[in-house]
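Have a look at the structure below, then the notes.
The values are calculated or read from the model by the stated rules, or taken from the named source; none is laboratory data. All of these numbers come straight from a predicted model, not from anything done at the bench. We place every Cβ from the backbone using ideal geometry, glycine too, and count neighbours over all the protein chains shown.
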Amino acid sequence: MTEVNGGTRVTRTTTVTVRGYGRLALEPALWVGLKSVHRFVFRNWQKMALSPPATI
């Protein structure tokens with residue numbers, strides 16, 4: 001985590017290793033899946049950061 005312009009920047013690196021005979025087919029699918037999950041999560045974090053706080 002790094003402080004940036006009064007906020008916080010979170011950086012995450014995911015490393016996946018695929019072993020076995022099916023790795024040529026499985027590795028690209030895992031890469032695409034992880035990318036889409038990370039995009040979804042970061043998009044939601046951005047929406048939460050920009051939205052007003054909830055009131056009870």
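Look at GLY33 and say whether it is free of Cβ contacts under 8 Å to residues at least 24 places away in the same chain and over 20 Å from the mean Cα position of the chain (by Cα). Taking the combined requirement at face value, the residue does not satisfy it. The residue list VAL37, VAL18 contains one member that is part of a loop (DSSP other than H, G, I, E, B) and surrounded by 10 or more Cβ atoms within 10 Å (Cβ to Cβ), which is VAL18. When ALA49 is tested against (1) loosely packed, with under 10 Cβ neighbours inside 10 Å; (2) over 17 Å from the mean Cα position of the chain (by Cα); (3) among the aliphatic types (A, V, I, L, M), exactly one condition is not met: (2).
Restricting attention to the stretch 1-15, the residues that are in contact with a Ser or Thr (Cβ under 6 Å, 6 or more places away or on another chain) and either in contact (Cβ under 8 Å) with a residue 12 or more places away in the chain or part of a strand (DSSP E or B) (or both) total 1. Out of the residues in the stretch 11-56 that are farther than 20 Å from MET1 by Cβ and of a type in the set (S, T, N, Q), state the one that is modelled with the highest pLDDT. Within the stretch 11-56, the match that is modelled with the highest pLDDT is SER36.
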